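The values are calculated or read from the model by the stated rules, or taken from the named source; none is laboratory data. Source: prediction; values computed, not measured. For neighbour counting, all protein chains shown are included, and Cβ atoms are generated from backbone atoms with ideal geometry for every residue, glycine included.
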Amino acid sequence: MKKLITISIFLFFGTAVFAKTIHVDKQQNVKTIQQALLLAVDGDTVLVSAGYYHEQNIVINKSICLIGINHPVLDGDNKYEIISIKADGVVVDGFKIINSGVSSIEDYAGVKVYNSRYAVIRNNILDKTFFGVYIQFGFDCLIENNTINAYNKVEQESGNGIHCWKSDSLRILGNTITGHRDGIYFEFVKNSIIWRNVAEDNLRYGLHFMFSNDDAYICNVFKNNGAGVAVMFSKGLKMIHNYFEENWGDAAFGLLLKEISDGYIENNVFEKNTAGIFMEGASRIHMEKNVFKRNGWAMKIQASCMDVNVHNNNFESNTFDVGTNGNLVLNNFTNNYWDKYEGYDLNKDKLGDVPFRPVSMYAMIIEQNPPAMILFRSLMSTLLDKTEKVLPSLTPENLKDDHPLMKPMVL
Amino acid sequence: MKKIIKYVIIDILRNKIVLAYTAFLLLISISIFNLEDNSAKGLLSLLNIILIIVPLVSLLFPAIYVYNSSEFLELLVSQPLKRKTIWLSLFSGLAASMAFAFFVGAGIPILLFEATPTGFMMLGTGILLSVIFTSLAMLAAVKARDKAKGIGVVILLWLYFSVIFDGLILFLLFQFADYPLEKLMVGATAFNPIDLSRILILLKMDVSALMGYTGAIFKDFFGTQLGLIISFLVLVTWVLIPTWLSLRKFKHKDL
């Protein structure tokens, strides 16, 4: 036992003694980062002073910490990928990374992780990069507090802010991403967490999931993107405490669920979206304590969805509460608050005594014939809605909330 | 001209119907804003009042008034006054009192409780609708000599603008569902001041829903500065054309 302790103490001090710090400064011996990387061995730290560095492609293939002091600028001259990480345990901290190359063949990025574990990319400012941070076959990587901006106009010529492919156990925390194609893109990524990020004004989606299972995104803000969040072909996702705001336009939604199963959607706020949630082929989704406010459609739930449980949500000031495209309803709505509910509560159990049908006749008419929107809120459409309430014919019979709340939930 | 307008307004005030209408609007708007827990629902109820009650009253009251003051009109015509002056004074007096009744009855509660773009749009369109339907009522009254017929026509006009026109549009939309009708619909609204006002208000109230699907086309037209100006010009045209037609008829009418 004693031997073991001595050995481990020696091992500990051993690394501490041999790891060195290399300063990169225009005024000193080591003038470029490339030079420093040649000198460095595993475990070293490279400190880079403030300044302007044109270093072409910086390939890090040793486990080192690359730390910038006062955000030194790494310029890719619109030609190169700026930092390529090809070793485990690399830290890139505190740089301003600008002007990466743009290519339609290769995915150039500000910082790209190839096949590595434990990479940390922290406190960087990325400006005008094609892809911002790109993780490919990464494991247990941390992307934290980066500001990633681009100024793209067309989807075809722009990359994603944070692009993750075939990775596992990533943590993406506190980043701000604007002006990219997708703010954050996940493809074949599992067991990862996206927490406290802001994705704003991106061209396509704020956050995009493809084939990514068992991930969670929590406390993020998605505002004014082409469409808020698209979650496709994935299962076991948790979506908690996010804000989906002002995703406006034809085919724009706060949250798109396509071929999703076993999702969990809780405590989110959907405000001023054309459609708060659009669901297609979703199954076994659990939705509770969400707030839908001032959306065009709070939810559009296609007939291809099943076992979607919607309970204890607030629906307030939406133009339409629920829209659907058929008569088949395999979903369950209970105990939600609907501000359009006109029922009564005789036994004072705070639940309405008559069911509420959230799909209005006119919502169905507009679904079939979109230009009919022009007659919305006319006397004609009000009359149609009222007659439908008395004698339902067009709206799905089973889409109803049997016990709606009389007062909104306090959320 | 000023004297006749003054006389018409005093006469309308003495009549008390417009005062009752004002009180009714005031009562309803204040109770709507106080009873509803969220102001969006209050605005919705108010929208229905603006689109249904305002046109109805603005059609019926002026028409009946014109018929009942036929002797007064005959007296005025016998004086050395131009017929144009007489008719326009009558119109101005009626339109001003209807618009003022709306402003006091619905406008003041709107300004108090809901001074938002939606509220201002409602106020503007409500006043314009009062004037438009006054001018339509006067056209109907001058065209039909018989009082019962005139009032019947006015009621039919109201039915047409608030229900039948929309029914026809809906029918056309479903008959020609395979064709792109969005642009045509934008044009069609110019033929119904109620629809046009409703869309202008919707653009402020349901902007999220209108951003989707074809709504975006309406938004692209009505939502722009130019579209807004054009819509208001169309509404003003709805005042000018019936007034001009009725004036032409009145000038040569054998009273």
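Among helices (runs of 4 or more DSSP H) entirely within the stretch B:38-94, having at least 1 residues that are of a type in the set (Gly, Ala, Ser) and in contact with a Gly (Cβ under 8 Å, 6 or more places away or on another chain) singles out B:54-68. Is at least one residue of the stretch A:315-325 surrounded by 20 or more Cβ atoms within 10 Å (Cβ to Cβ), out of contact with any Asp or Glu (no Cβ under 7 Å at 6 or more places or on another chain), in contact (Cβ under 8 Å) with a residue 60 or more places away in the chain and away from chain B (no Cβ under 14 Å)? Within the stretch A:315-325, one or more residues are surrounded by 20 or more Cβ atoms within 10 Å (Cβ to Cβ), out of contact with any Asp or Glu (no Cβ under 7 Å at 6 or more places or on another chain), in contact (Cβ under 8 Å) with a residue 60 or more places away in the chain and away from chain B (no Cβ under 14 Å). Only residues that are surrounded by 16 or more Cβ atoms within 10 Å (Cβ to Cβ) and assigned to a loop (DSSP other than H, G, I, E, B) were counted across the stretch A:33-50, and they come to 2. Restricting B:PHE250, B:PHE165 to residues that are within 13 Å of chain A (Cβ to nearest Cβ), assigned to a helix (DSSP H, G or I) and surrounded by 20 or more Cβ atoms within 10 Å (Cβ to Cβ) narrows the list to B:PHE165.
The listed residues are B:PRO193, B:PRO80, B:PRO180, and the only one of them that is closer than 26 Å to A:THR382 by Cα and either without any contact (Cβ under 8 Å) to a residue 12 or more places away in the chain or touching a Lys or Arg at 6+ places or on another chain (Cβ under 9 Å) (or both) turns out to be B:PRO180.
Every condition in (1) among the aliphatic types (A, V, I, L, M); (2) within 14 Å of chain B (Cβ to nearest Cβ); (3) in contact with a Leu (Cβ under 8 Å, 6 or more places away or on another chain) is met by A:LEU256 except one, and the failing one is (3). Scanning the stretch A:238-248 for residues that are within 11 Å of another protein chain (Cβ to nearest Cβ), touching a strand residue (DSSP E or B) at 6+ places or on another chain (Cβ under 8 Å) and not charged (D, E, K, R) gives a single hit, A:ASN247. Restricted to the stretch B:170-188, and to residues there that are facing another protein chain (nearest Cβ under 7 Å) and part of a helix (DSSP H, G or I), the residue that is nearest to the chain's Cα centre (by Cα) is B:MET185.
Quick check: anything in the stretch A:358-380 facing chain B (nearest Cβ under 10 Å), in a loop (DSSP other than H, G, I, E, B) and buried (at least 22 other Cβ atoms within 10 Å of the Cβ)? Yes, the stretch A:358-380 contains at least one residue that is facing chain B (nearest Cβ under 10 Å), in a loop (DSSP other than H, G, I, E, B) and buried (at least 22 other Cβ atoms within 10 Å of the Cβ).
Checking each residue in the stretch A:270-294 for being within 14 Å of chain B (Cβ to nearest Cβ), part of a strand (DSSP E or B) and not acidic (Asp, Glu) picks out A:PHE270, A:ALA275, A:GLY276, A:ILE277, A:PHE278, A:VAL291, A:PHE292, A:LYS293. Note on the stretch B:72-125: residues that are of a type in the set (Ser, Thr, Tyr) and under 30 Å from B:GLY223 (Cβ atoms) amount to 3. Filtered by the rule that a residue be in the same structural domain as A:MET299 (by TED's automatic domain parsing) and acidic (Asp, Glu), the stretch A:340-386 gives A:GLU342, A:ASP345, A:ASP349, A:ASP353.
Can you name the residue in the stretch B:30-42 that is buried (at least 16 other Cβ atoms within 10 Å of the Cβ) and more than 10 Å from every other protein chain (Cβ to nearest Cβ) and, of all such residues, is nearest to B:MET122 (Cα to Cα)?
Looking at residues that are buried (at least 16 other Cβ atoms within 10 Å of the Cβ) and more than 10 Å from every other protein chain (Cβ to nearest Cβ), I get B:GLY42.
Looking across B:VAL77, B:VAL104, B:VAL66, one residue alone is closer than 12 Å to B:VAL18 by Cα and of a type in the set (Val, Ile, Thr). It is B:VAL104. Taken together, A:ASP250, A:ASP182 contain a single residue that is assigned to a loop (DSSP other than H, G, I, E, B) and surrounded by fewer than 24 Cβ atoms within 10 Å (Cβ to Cβ), which is A:ASP250.
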